[in-house]
Amino acid sequence: MSKPAKTHKIKMMEEQLARKLNRQVVGSLVGCVHCGMCNECCHYVLSHPDDPKMTPSYKADQVRKLFKANHDWTGSVFPWWVGADKAPLTDDDLDKLKDIAFGTCTNCRRCTINCPMGVDTATLNRIMRGLLTHVGVMPEGVRVVSKDQWELGNQMGVLKEDYLDTLEWMSEELEEDLGHGEAAIPVDKPGARVMYAINPREVKYDPRTIKEAALIFWAAGEDWTMPSEGWDNTNFGLFSGDDGLGGASAKREYDKARELGVDKIVISECGHGYRSTRCEGVNWSGDAQAFPMESSVITMLNYIKEGKIVVDPTKNPKRVTFHDSCNNARSCGFYEEPRELLRLVTTDFQEMYPNRAENFCCTGGGGAMSMSEYTPRRLKSAQIKANQIRETGAEIVVTSCHNCVDGLSDLIKHYKLGCEVKQLVDLVADALVLEECYVMKSRPVAVAAVASEEPAAAARPVPVAAPAAAAPLAGRKVLVVDDEEDIRTFLVTVFEDAGAEVEQAADGNECLAKARTFKPDLISLDLSMPGKSGVDAFVELRRTEETQEIPVCVVTGHPEFRQVIYDRPVPPPEGYLNKPVDEDKLVSYVAHIIEHREAKAN
Amino acid sequence: MHESSSLLHTAEVVHWIALIVMAVVYTMRLRWLFKFKPGVDRSAPGSPARTNAKRGGFYSLFNVAMPWSMESTRKGFAFYLTFVIFHIGVVAGISLAFLSTIAPGLVAARPFAWVCGVALVAAFGVAVYRVFRRLFRPVMKLISTPDDYFSLFMLTIWFGLGAVTQAHLAGVAGFESVNLLVAYLFLTSFFLIYVPFSKISHYLYYPFTRLWIGRTLGHRGSYPIARG
Ligand code: SF4
Ligand code: SF4
């Protein structure tokens, strides 16, 4: 039987591969002896012992075949001898390749450091992802997120006004907490020492970390700013293998830092953000590194060492363990500083084994959180990580990565580990002894004056919010949708106590009906429900003219909500919270969503 | 060169010609590899107080002799041992082929015969195990190409033939036929010519791949691997 002719896409992939070849890559392509020693180092293999296709060299062989068929002497003459005859030829082969490259590997590089030949399988898999992306073959979530990062400059589709609004909101919250406005977040401050770049997940779903970082910067007396553009430290180019996107995203940050004239970029706790901004971005963009870049972990550690902030570890007495992000530890050698900091701000740190560069992936790496079609496989592969965590007996898993927070949160629920995930910024903020910090010691009188006497501060509307705080949802209508009666009752009580008028629904159909008749200001939506699921109900809400403008806050304990965040068949929800939810956080979050929607409408 | 038969003489000549061919092809292979642009890492050193590219490269290059350095060799220590035995066998086999033509007295000497013979027999045993492993383990079957099978089969035969050739050269009763040496030299010649086109050429690339990954990860700060 004669072979089918190569399709246009395959030819494009071959051309693109030729562009990506360098000595190191070729070394990895020709160096594999198929010894199988990397097999048991991969979390996919360990959790799928009966599926040989999970082995790292099989994944790398996909791009190796393409290389051998086109560049290798033996492969060009006798392709069948070296497996090059199985190189992809038709577009049908590409779907299979997509599943392998995106669905069975998180590019964690654990096999790389365990290959006796020095073969960098993770880099080869990223190259395969890049070839597929080049011809438009990728999971839907990757497509949507990449598009947003190209077009809007951040991977979660956050609009500039929403970003700035969130910074303002966090400044206001800080003002409420501290009783003065000194810790407000500076935006685009020219000549500041530090430019702080964050993960858009912080803006969209976890703004608390921005507030905590702002508090720490203020306490240390730092001259800092957040940029209005180029603030996203993450980079989907790392995951999609698209070096063009990688370079463009990194350059936005560098250009903004240059424009502001800052001394350094401080990168919030994000593993792939750190790797992309600090290490790979300069290679992708060709931009020679002109200024220092560091992780906020190092910044916080230095503040403590220099005495700019003072911490009390007894404020964090629970047992903690530390999960190393693969990008931080394996690809950037960044693993001792988080431990040093952790020991300073907690009292009971239990190491996880293996750790540092040998740690297992959280299973959410490589963009896996955005590929909902692979969620069951991801959660199965998380068994290894779950066992690692369980053995530590920790109540809190600390990590320096937002992706890992999501990956770990999912697996903790799935394997019922009963612990929570935190980042170092949370623990440092909790451990702060504010009265001992630089800012208080250097200006004690001024601060006291701001808190009690400054007329301008007292005249501002936000601090004088006592009545609103008592009933922050007064006059609001909230529809609570959840199939579990006790959770529904809890949510209804919380919202009613906050002054809202509340209706409830137990499934997707009831939700749709009540959304039309009750016309709520916000829907609190569970996703996993019998009958019409929350995901389906959400999509229908968004597609129906009458209900499409109602803000939705997803409150769920299951990972399928990532589908609506990343795949985005319709605009994403305005907020999401993980179960179990904290009452105060729920109310303030929901109040903010409603206020923000109104402000936008006006 | 000794000339106990014209066939043996031919085998020896072919063997040396094959060696020259291999050297030429290897040189071409390396030129090919170095025609690709070098990868450049513009990022600032990851952890200069702890390590650097040089240290990482050095560590990486020699981690083959440090089975504790990788989880795969720590946990798979038995497999690591088979790897060591296999490659000692390769060294013994090559030494036997060359020394039999330039120092026949040495290969016939008892100490050499014992060391080389044991190394070849052990390597043969390991190679047989590896054949079964490749034939019957689903993972190995999935990733193996005809080149992988053929190279391993041929090496297994070469180790076996090397062991009996060593017995012949040491004058062990029952292994008197000079044809053993002739066959061994022809098989070695075949390898010398085949190797640059097969997976066995990995040893040519090995120092470079190890050095490069070591320098990369050393620069980034993760090599040498730290544990705690
Ligand atoms: S990648 Fe390395 S460890 Fe894995 S099969 Fe290839 S040579 Fe062996
Ligand atoms: S990079 Fe990680 S996930 Fe991918 S094959 Fe290697 S060990 Fe497995």
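The values are calculated or read from the model by the stated rules, or taken from the named source; none is laboratory data. Because the structure is predicted, anything quoted here is derived from the model rather than measured. When we count neighbours, we look across all protein chains shown, and the Cβ atoms used for this are built from the backbone with ideal geometry, even at glycine.
Observations
- Some residue of region A:10-21 being touching a residue at least 24 places away in the same chain (Cβ under 8 Å), at the interface with chain B (Cβ under 7 Å from one of its Cβ atoms), under 16 Å from A:L124 (Cβ atoms) and within 16 Å of ligand 1 (Cβ to nearest atom): no
- Checking B:L135 against (1) under 26 Å from B:W16 (Cα atoms); (2) within 14 Å of chain A (Cβ to nearest Cβ), the condition it does not meet: (1)
- Long-range neighbours under 7 Å by Cβ, at least six apart or interchain, first residue under 25 Å from A:D99 (Cβ atoms) within region A:62-79, second surrounded by fewer than 22 Cβ atoms within 10 Å (Cβ to Cβ) and charged (D, E, K, R): A:K65/A:K86; A:L66/A:E14; A:N70/A:E14; A:P79/A:D85
- When A:E259, A:E337, A:E280 are checked against the criterion of being more than 22 Å from A:R201 (Cα to Cα), among the charged types (D, E, K, R) and either at the interface with chain B (Cβ under 10 Å from one of its Cβ atoms) or not in a helix (DSSP H, G or I) (or both), a single residue qualifies: A:E337.
- Region A:123-138, residues that are within 16 Å of ligand 2 (Cβ to nearest atom) and within 20 Å of the chain's Cα centre (by Cα): A:R126, A:R129
- Residue within region A:121-135 that is at pLDDT 95 or above, closer than 21 Å to A:C41 by Cα, surrounded by fewer than 24 Cβ atoms within 10 Å (Cβ to Cβ) and of a type in the set (A, V, I, L, M) present: no
- Restricting region B:52-77 to residues that are over 14 Å from B:T209 (Cα atoms) and surrounded by fewer than 16 Cβ atoms within 10 Å (Cβ to Cβ) leaves a set whose member that is farthest from the other protein chains (Cβ to nearest Cβ) is B:K54.
- Filtered residues of region A:22-42 (kept if assigned to a helix (DSSP H, G or I) and either surrounded by fewer than 24 Cβ atoms within 10 Å (Cβ to Cβ) or at the interface with chain B (Cβ under 7 Å from one of its Cβ atoms) (or both)): A:R23, A:Q24, A:V25, A:V26, A:G27, A:S28, A:V30, A:G31, A:N39, A:E40, A:C41
- Test: residue in region B:165-181 that is within 14 Å of another protein chain (Cβ to nearest Cβ) and either assigned to a helix (DSSP H, G or I) or not aromatic (F, W, Y) (or both): no
- Leading residue by the ranking (farthest from ligand 2 (Cβ to nearest atom)) among those in region A:109-122 that are hydrophobic (A, V, I, L, M, F, W, C) and at the interface with chain B (Cβ under 9 Å from one of its Cβ atoms): A:M117
- Test result for A:E182, part of a helix (DSSP H, G or I) and not aromatic (F, W, Y): no
- Which numbered condition A:A18 misses (of (1) away from ligand 2 (no atom under 16 Å from the Cβ); (2) out of contact with any His (no Cβ under 8 Å at 6 or more places or on another chain); (3) not in a loop (DSSP other than H, G, I, E, B)): (2)
- Restricted to region A:73-108, and to residues there that are of a type in the set (D, E, K, R) and either at the interface with another protein chain (Cβ under 9 Å from one of its Cβ atoms) or closer than 20 Å to B:T145 by Cβ (or both), the residue that is farthest from ligand 2 (Cβ to nearest atom) is A:D85.
- Here A:G83, A:G136 are screened, and the one residue that is within 16 Å of ligand 1 (Cβ to nearest atom) and on the phi > 0 side of the Ramachandran plot is A:G83.
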